[in-house]
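For reference, the structure discussed in these notes is given below.
The values are calculated or read from the model by the stated rules, or taken from the named source; none is laboratory data. As the structure is a computational prediction, the values presented were derived from the model and not from experiment. Every residue, glycine among them, receives a Cβ derived from its backbone with ideal geometry; neighbour counts consider all protein chains shown. Ligands, DNA and RNA are stripped out before the accessible areas are found, and what is left, the full protein with its side chains, is counted by its heavy atoms. Shrake-Rupley method; radii C 1.70, N 1.55, O 1.52, S 1.80 Å.
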Amino acid sequence: MNIHEYQAAEILHRHGVPVNPGKVASTPEEAAAIAAEFGTIVAVKAQVHSGGRGKAGGIKLAKSPEEAAAAAKAILGMDIRGHIVNKVLIAKGASIAAEYYLGVILDRDNRQILVMASAEGGVDIEEVARVSPEKIVKINADPYLGFHPYQARQLAFALGIAADKVNGFAAIAQNLYKAYVAEDATLTEINPLILTGDGAWMALDSKVSFDDNALFRHPGHEELRDLAEENETELDARRSGISFVKLDGTIGCIVNGAGLAMATMDAVKLHGGEPANFLDVGGGASASQVAKAFGLVTADPNVEAILINIFGGITRGDVVAQGIREALTQVNVKAPIVVRLSGTNAEEGRTILAEAGLTAVTSMDEAAAAVVRAARGA
Amino acid sequence: MSIIVNKNTRVLVQGITGREGSFHTTQMVEYGTQVVSGVTPGGLGKEVAGAPVYNTVADAVKETQPNASIIFVPAKFAPDAIYEAVDAGIPFVVCITEGVPVIDMVPVYDYVKRKGARLLGPNCPGLITPGECKMGIMPGFIHTPGKVGLVSRSGTLTYEVVNALTEAGLGQSTAVGIGGDPIIGTNFIDAIAAFQDDPDTEAIVMIGEIGGADEEAAAEFIKANVTKPMAGFIAGRTAPEGKRMGHAGAIISGGAGTAAGKIEAMEAAGIRVADSPSKVPALLKEAMGV
């Protein structure tokens, strides 16, 4: 789960990270009022769940309330990589003496939490990792004891930070690690972390993402969700235990299992079609789940044909077929449907589907080819 | 004739009286797995599919000597269940549970390793040595005993490939589902190394998906250490960047973890990678020279 920069800054501030003061505005007038209140140069920053805001023109400096209003006017409503800007953060201007990168991530290869830092701050860290990986310093936290103060100092010295600034940097690195653990994050990141003209540390841009698996122990995190940033259909699906991701094609997919769902999308593409979605109905594939899945898929006006791909395991094919038949009485589906049913009791299932006027095939490739033909009206 | 589990494996089921636990215990027993006992706190004296239930893993170990455990408890209790099994001296633990908070798995993984035990999962379908031991939630009947070792991050996609192998006359030594989470116990390298060392496994199939770099690391390992013929498949060629595709670990981030990158690494390691799961058996036969 992703949140906005201003929300991330509030969270990191709670965990002892010095952040740049800022307030959120939804209109140019609000932006001007906040700039007047601060009485300094301000940065007007688009609040969207996307990187590349700077390059897209979503971050502007303003020297006066009038300029802040003009900047907000330009940025609000902007489309940044498919995300529409509804809010801007008005942040106090800061004098920058040096910029660093500091981030905490999951190191999947070592199965540990990794703290990484670089003296190349304020730029795309993935680009730094590609072009000059030696400029990124990485230290794994201990799986039980966490991130030691000495490790945080190691990072600071490795970046060449002046001796009198090392403890300040180390405290921020430790707090960033503590925030990661306490909030069940998948990322806590400051880019840039700056040294101001008068020698103070400050987080100028903060980013935090949460582990969906751990949301149950952080009831407050749900309130940070920006519904405008999320696909309504995807949210709706999640509430029913269905994994759904909207794509741009014309072939709707309904599949049991995430791996098989991805393989089904790939098969559609391989046979000349474009998948309209990723959809995993989950283990059960009951009538109500299938009906819900039909609803999700048919809500997309681009869908020209639907492919149902079920490999019956513990879930029996005849039960799934019953589910499909019942679902079709609940939802009016106009697009042609191709069903692929294999595995446990698949034959019984195919008989049930034939009675309902649907043809089921046994192979996934055959089904993918058939659904692409159906979408073309052949 | 297999890796990790066989007809002598004595299985304990943690969470045995729950809906999933009791259902799958029955399925495993029907397949012929030796389920010797189960654990549910407060469940002492009950019985599921003929297996006696104990309050703690330590009690179950003392009374019934299991040497493997399979976990069906809810996500918030799963890490504790893994610690309990490992502390009771059980050397192999399968965690079926989906949705375990990722941070919890960091110390769990390290602890299991320090204790010299092996963990499979979480969020995995388990493993099966056909005809001997089914320790998981996969449909047993699609498997057939044979010489092909299979390792996969997926569930139903694994069944798909197993089914295709069986239909093509290629039986399996052991099929292992390692799971779709960002932090898992047994990974591709662990399973593939075991297959390489198993004299009765003649060929290996690897089924991966987008996200992380486990397939790439495995490809490096294979290049240096594996002499057996291999075929594979990677799901998610059409997956968009930055979107979690069902599995918590299946996400392309910052241009890393793409299907194309994994396929390239695997092919460079001499693995024949199919563009459809149904083509895996033919490619494997080609690699085996049969």
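See the values below:
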item	result
Estimated FRET transfer efficiency when R0 is 25 angstrom, pair residue A:355-residue A:330 (beta carbons, to 0.05)	0.90
With all protein chains modelled, accessible area of residue A:30 [1.4 Å, Å²]	80
Charge dipole (chain A, unit charges on Cβ, about Cα centre) - positive-most of A:314, A:61, A:286	A:61
Calculated P(r) tail over 32 Å for the protein assembly as shown, as whole % of Cα pairs	54
Of all DSSP beta bridges in the protein assembly as shown, antiparallel share, percent nearest 5	55
Cβ neighbours within 10 Å from other chains - mean over B:247-256	4
Of A:135/A:165; A:55/A:269; A:269/A:334, pairs whose Cα-Cα distance is over 25 Å	A:55/A:269
Percentage of interatomic Cα-Cα distances in region A:1-148 larger than 24 Å	42
Convex hull volume per residue in cubic angstrom - Cα atoms of chain B	114
Among B:62, B:228, B:113: highest mean-square fluctuation, GNM of chain B, C-alpha pairs under 10 Å	B:62
Enclosed volume per residue, in Å³, of the convex hull spanned by Cα atoms of region A:96-135	72
Rounded to whole Hz, the Karplus (6.51, -1.76, 1.60) HN-Hα couplings of region B:137-142, x for glycine and proline	10, 6, x, x, 5, 7
Alpha-carbon radius of gyration plus Dmax, which is the widest Cα pair, for region A:202-249 in Å	13.7, 45
Accessible area, probe 1.4 Å, largest first, for residues B:5, B:290	B:290, B:5
Accessible area of region A:96-222 belonging to carbon and sulfur atoms, whole % at 1.4 Å probe	52
Proximal lysines to residue A:60, defined as alpha-carbon separation beneath 27 angstrom and excluding residues fewer than eight positions away on the same chain	A:23, A:45, A:73, A:87, A:92, A:207
Sorted largest first, extent of region A:232-375 alpha carbons per principal axis (Å)	35, 32, 28
Residue-span extension gain [residue A:129 to residue A:97] - 0.36 nm each, minus C-alpha spacing	9.2 nm
Projected label distance in nm at residue A:119 and residue B:213, using a 7 Å step from Cα toward the beta-carbon	2.4
Difference of contour (0.36 nm per residue) and Cα-Cα distance, residue A:299 to residue A:235	21.7 nm
Among A:117, A:62, A:214: highest mean-square fluctuation, GNM of chain A, C-alpha pairs under 10 Å	A:214
Quotient of C-alpha Rg and 2.2 N^0.38 Å, computed over region A:105-243	1.20
Ranking by accessible area, most exposed first, for B:147, A:165 with a 1.4 Å probe	B:147, A:165
Directionally averaged shadow of region B:10-120, computed from the convex hull of its alpha-carbon atoms, nm²	6.1
As computed over region B:211-256, the Cα convex hull volume per residue (Å³)	85
Set B:223/B:243; A:246/B:243; B:147/B:279 screened for pairs whose C-alpha atoms are more than 20 Å apart	B:223/B:243
Listed residues B:219, B:256, B:68, most fluctuating in chain B (Gaussian network, C-alpha, under 10 Å)	B:256
Antiparallel content of DSSP bridges confined to region A:232-375, in %, to 5	20
Rounded D (µm²/s) - region B:139-288, Kirkwood Rh over Cα pairs, Stokes-Einstein at 25 °C, 0.890 mPa s	163
Region B:10-120: antiparallel DSSP beta bridges as a percent of all, rounded to 5	10
Three principal axis lengths of region B:163-203 [C-alpha, angstrom, descending]	34, 23, 10
Cα point-scatterer Debye curve for region A:21-92, base-10 log of I(q)/I(0) at q = 0.25 Å⁻¹	-0.99
Per-residue average of Cβ from other chains inside 10 Å of B:109-122	1
Average accessible area per residue (Å²) across region B:106-204 - probe 1.4 Å, nucleic acids and ligands excluded	25
Proximal aspartates and glutamates relative to residue B:115, as straight alpha-carbon distance under 13 Å, when same-chain residues fewer than 8 apart are discounted	B:84, B:87
